[in-house]
Amino acid sequence: VELAGCLRILFPWHADSAGEGSGGALPPALQLQPGMAFGTGEHATTQLCVRGVHSLLAGGRLAGCDAMLDFGSGSGVVAFAALLFGCRRAVGVEIDPYALKVSRANAIDNGMADRFVAVLPAEEAPEEYELVVANILARTLVQLQPTLSSRVAAGGTLLLSGIWGEAQAAEVEAAFAPDFEGFERSWQDGWVVISARRRR
């Protein structure tokens, strides 16, 4: 899977295509063992999140970000992309113990085990982050509004996806509007990622 200009995702059955192609520099690559965990990079919401993280971290306003939170981290792909794009540390929160196991294995395979921690929600230490990403269902995002909002540092950025269509986008924005400003949307195949800044 290649996300134009920012990331390649390689699975065990793919050979790394470094050195192939038109001769231009290839984007950085992640090796993933997706197993049954969500987050292969093929779904529109994952791609939207990765592109959003790239625009913020790769020379964007969060360049040099110290830490990010991937809430609903699945295979870990968004957290690993953030580390590749320059974030120093990533925390993944996931309700599925199997997905936690997969993401930890993926961290080892990509040489990121010292910069990535994956935990169950009950094990998460409350902390504020410059960047928080949550790619879950819209209804769950609304239910998690207090938790997610509390994890974003003042002036930090929240990326929300798993949101289908205009009605769900409006519902999610309304839920987060009391604590956030500067809402922006990016669309792909009917799915949307919403970006917003935590009020200072």
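The values are calculated or read from the model by the stated rules, or taken from the named source; none is laboratory data. Here the structure is a predicted model, which means the values were calculated and not measured. Note that we place each Cβ from the backbone using ideal geometry, even for glycine, and neighbour counts take in every protein chain shown. Ligands, DNA and RNA are excluded from the accessible area calculation, which covers all protein heavy atoms including side chains. Shrake-Rupley method; radii C 1.70, N 1.55, O 1.52, S 1.80 Å.
Quick notes on this structure:
- Qualifying positions in the stretch 84-100 - over 9 Å from Phe71 (Cα atoms) and either in contact with a Leu (Cβ under 6 Å, 6 or more places away or on another chain) or open to solvent by less than 10 Å² (accessible area, probe 1.4 Å) (or both): Phe85, Gly86, Cys87, Ala90, Ala99, Leu100
- The single condition among (1) hydrophobic (A, V, I, L, M, F, W, C); (2) modelled with pLDDT under 75; (3) touching a His at 6+ places or on another chain (Cβ under 8 Å) that Leu7 does not satisfy is (2).
- Restricting attention to the stretch 169-200, the residues that are of a type in the set (S, T, N, Q) and crowded, with 16+ Cβ neighbours inside 10 Å total 2.
- Any hit, the stretch 111-121, residues being small (Gly, Ala, Ser), within 14 Å of Gly72 (Cα to Cα) and under 14 Å from the mean Cα position of the chain (by Cα): yes
- Among the numbered conditions (1) more than 21 Å from Leu3 (Cα to Cα); (2) open to solvent by 60 Å² or more (accessible area, probe 1.4 Å); (3) assigned to a loop (DSSP other than H, G, I, E, B), the only one that Ala122 does not meet is (3).
- Annotation note: Cβ proximity below 6 Å between a residue of the stretch 101-123 that is among the small types (Gly, Ala, Ser) and a residue that is part of a strand (DSSP E or B) (sequence gap 6+ or interchain) occurs for Ser103/Gly92; Ser103/Ala118; Ala107/Phe116; Ala118/Gly92.
Yes or no, residue by residue, for (1) under 23 Å from Asp66 (Cα atoms); (2) among the aliphatic types (A, V, I, L, M):
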residue: Asp109; (1), (2): yes, no
residue: Ala118; (1), (2): yes, yes
residue: Glu124; (1), (2): yes, no
residue: Ala153; (1), (2): yes, yes
residue: Phe176; (1), (2): no, no
residue: Gln188; (1), (2): no, no
residue: Ala196; (1), (2): yes, yes
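- Per-region count, the stretch 101-117, residues open to solvent by 10 Å² or more (accessible area, probe 1.4 Å) and outside any loop (DSSP other than H, G, I, E, B): 8
- Within the stretch 48-80, tally of residues that are under 25 Å from Gln143 (Cβ atoms) and outside any helix (DSSP H, G or I): 10
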